Amino acid sequence: MSRADQDASHRANVSEYCRQIERHLCQKNGGHLVRVVGPAFEEVRGWAEQGIPLKIALRGIDQCCDRAFAKGPRRRPIRVEFCAADVKEVFDDWRRAVGVGAAGDELEAEPAPRKGSLPAHVERVVGRLIALRGVDGATILPASVVDEAVETLDRLAAAAAGARGEAREALIEQLAALDRTVLGAAAASIDAARATALRREAESELAPFGQRMTPEARAAALESAYLRLVRDTLRLPRIAFD
């Protein structure tokens, strides 16, 4: 492909990315037309050129809109510039979870500080796991997996309230191990066609970052991206505390 063809393809991809953002913003604003032009277009083009996956950008917009709408009815629509900080926050979270840096190298940034209290986190996870069976489109985990996870979480919750120092860190490690177990069981429950589609989506998400990664780092990032998509698709709560 010639350089001119590459440039034309890049412009088309950016334009489609912007159209998807514009369409999503209109939907979030109840059909109110929100144009992605001028400074808003430059903002969104920056997201595309940073390699922010479209799905991650949409999640950031959802986060911004949900917070704004929770305060009550709005007289004016949510615009792109209102969502920029949330998009970048969700993107940073995604990069940490997947393990890639902004330039396509392995991520070297420190983990984000943990938010909220450990006991409250465990309580929320228990509630979401129990409710999971009644959610349309969610995975139907074997009852034994849910029961064992809830039993473990109840035990950890009892110890979490007064845990400090090494004891608290040990509880956090147990939460991470339980998260891997439950996510693995969920991944095993999906059919081959769905798994293939999610792996392709993971490949697409990592495309802007993979060229400068070692084969080992890229393989690890792909697996992390795939499991993250499994979690999102099956609406699993994140048990790990981070």
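The values are calculated or read from the model by the stated rules, or taken from the named source; none is laboratory data. Since the structure is predicted, the reported quantities are computational estimates derived from the model, not experimental observations. No Cβ is skipped: glycine too gets one built from the backbone with ideal geometry, and neighbour counts run over all protein chains shown.
All of 22, 42 fail the test of being of a type outside the set (A, V, I, L, M, F, W, C), over 16 Å from the mean Cα position of the chain (by Cα), at pLDDT 90 or above and surrounded by fewer than 16 Cβ atoms within 10 Å (Cβ to Cβ), apart from 42. Among the residues of segment 29-54, count how many are more than 27 Å from residue 72 (Cβ to Cβ) and polar (S, T, N, Q). So the answer is 1. Within segment 185-197, is even one residue assigned by TED's automatic domain parsing to the domain that holds residue 123, in contact with a strand residue (DSSP E or B) (Cβ under 9 Å, 6 or more places away or on another chain), surrounded by 18 or more Cβ atoms within 10 Å (Cβ to Cβ) and in contact (Cβ under 8 Å) with a residue 24 or more places away in the chain? Checked segment 185-197: no residue is assigned by TED's automatic domain parsing to the domain that holds residue 123, in contact with a strand residue (DSSP E or B) (Cβ under 9 Å, 6 or more places away or on another chain), surrounded by 18 or more Cβ atoms within 10 Å (Cβ to Cβ) and in contact (Cβ under 8 Å) with a residue 24 or more places away in the chain. When residue 238 is tested against the conditions (1) part of a helix (DSSP H, G or I); (2) under 15 Å from the mean Cα position of the chain (by Cα); (3) of a type in the set (D, E, K, R), the lone failure is (1).
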